[in-house]
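Here's the structure, in structure tokens; my notes come after.
Just so you know, all these numbers are worked out from the coordinates, no wet-lab data involved. Being a predicted model, the structure only gives us computed values, none of them experimental. Positions of Cβ are backbone-derived with ideal geometry, glycine not excepted, and every protein chain shown enters the neighbour counts.
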């Protein structure tokens, strides 16, 4: 397998092991709290921040742009376009111009296509990305929420257009492990960096829902409630909480550390509505995951089905 490429800040620094996602800036945390979360991330060495055109009606990008203003070259900024309105260049241009205005930046380090658009030829979309890169508006190109075959297709078409795919952003956690089947191996083989989101399963893996009394997105957001409403997921979360108690560590620390221990080396995108939520997440940076604990966690989180059913032919 090939090693994934190493992206860097403008100043040349390697990216932090953990990325902070701003999806809750303006939705769960107000400006003052969001700024305190940003500053705590910086104090702990986080230099990679992820946002999107569609997040919190623009507040996430606007606030992030203000927070990083005095240290731009030290921060790796990633945003996304095309979640709504499709991947036609006209729509992407409008959204990207708005994003850059909100961020107060002429250049974005990494721009993702937020999701695959079956109605727009990928050649047309990637040609637009190549143009943005050629004109210096973006440094790297990424894909979010793409299936493995879509990643491979974009990779090979992008090579002919000057649109190299540098990063991929899939969902990945103890209770959403399907990325292990083909997406993560594809990223490794094709030399793409993987920044995975929802490492805590919308809060399920923090342990706060184990006693059925927790409040958060699983109780207030119908989409997340449906996504994580499967009984086996809740059993896994309860088992993780039990392991965490035995190890005297927060479940969120274990959940994020488990991703950092992956052989595929994805970088988890974490988030938090408060400093209290942020603390156990950032604790994963220094947590030493031993083989025994890793084995215990894997045992309560079933592996996904393999990509092939001809296992008898595998050597």
So for the pair residue 189, residue 221, with labels modelled 7 Å out along Cα→Cβ, what separation do we get in nm? 3.2 nm
Reference-scaled alpha-carbon Rg (2.2 N^0.38 Å with N residues) for region 239-315: 1.31
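In the chain, what % of DSSP beta bridges are antiparallel (nearest 5)? Don't skip to the end; give the middle numbers.
Values: 2 of 29 bridges.
Restricted to the chain, the bridges split so that about 5 percent are antiparallel.
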Most exposed first by the Cβ proxy, i.e. fewest other Cβ within 10 Å, how do 232, 123 rank? 232, 123
The simple spin-label model distance between residue 124 and residue 289, using points 7 Å out along Cα→Cβ, in nm, is 4.2 nm
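Let me know the whole percent of all Cα-Cα pairs from the chain that are separated by more than 34 Å. The partial results should precede the final answer.
Values: 10015 of 49455 pairs.
Tail of P(r) above 34 Å: 20 percent of Cα pairs.
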Placing one equal point scatterer on each C-alpha of region 184-268 and summing with Debye, one gets log10 I(q)/I(0) at q = 0.15, 0.17, 0.22 Å⁻¹ equal to -0.61, -0.75, -1.04
log₁₀ of I(q)/I(0) at q = 0.15, 0.17, 0.27, 0.32 Å⁻¹ - region 73-117, Debye sum with one point per alpha carbon: -0.36, -0.45, -0.98, -1.21
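Take every Cα pair under 8 Å in the chain that's 6+ residues apart, average their separations, divide by the length, and report that relative contact order as a whole percent.
Values: 535 pairs, mean separation 57.5, N = 315.
Computed value for the chain: 18 percent relative contact order.
Could you work out the Kirkwood radius for region 57-214, taking every pair of different alpha carbons, averaging 1/r and inverting it, reported in Å?
Working: mean 1/r = 0.0600 Å⁻¹.
That comes to 16.7 Å for region 57-214.
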Modelled FRET efficiency - R0 45 Å, residue 93 with residue 33, Cβ distances, 0.05 increments: 0.85
Share of antiparallel DSSP beta bridges in region 26-175, in percent to the nearest 5? 0 percent
Cα-based Rg (one decimal) and Dmax (whole number) for region 128-282, in Å? 17.7, 54
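How compact is region 1-81 by the rule of thumb for globular proteins, expressed as Cα Rg over 2.2 N^0.38 Å? Numbers along the way, then the final one.
Details: Rg = 13.0 Å, N = 81, 2.2 N^0.38 = 11.7 Å.
Taking the Cα Rg and dividing by 2.2 N^0.38 Å, one obtains 1.11.
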Given springs between every Cα pair under 10 Å in a Gaussian network model of the chain, which of 251, 302, 266 has the largest fluctuation? 302
If you build a Gaussian network model of the chain, linking Cα atoms that sit under 10 Å apart, which residue out of 188, 293, 220 swings the most? 220
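Taking neighbour Cβ counts within 10 Å as the exposure measure, how do 149, 63 sort from fewest upward? Display every interim value, and only then the final one.
Working: 149 12, 63 23.
Fewest-to-most ranking of 149, 63: 149, 63.
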Ordered by fewest other Cβ atoms within 10 Å, a rough proxy for footprinting exposure, 88, 70 read 70, 88
Plugging the Kirkwood radius over Cα pairs into Stokes-Einstein for region 1-138, at a temperature of 37 °C and a viscosity of 0.692 mPa s, what D comes out in µm²/s? 211 µm²/s
In a GNM of the chain with a 10 Å cut-off on Cα contacts, which of 182, 98, 246 has the highest mean-square fluctuation? 246
Note the full-extension length gain between residue 309 and residue 131 as 0.36 nm times their separation in residues minus their Cα-Cα distance, in nm to one decimal. 59.9 nm
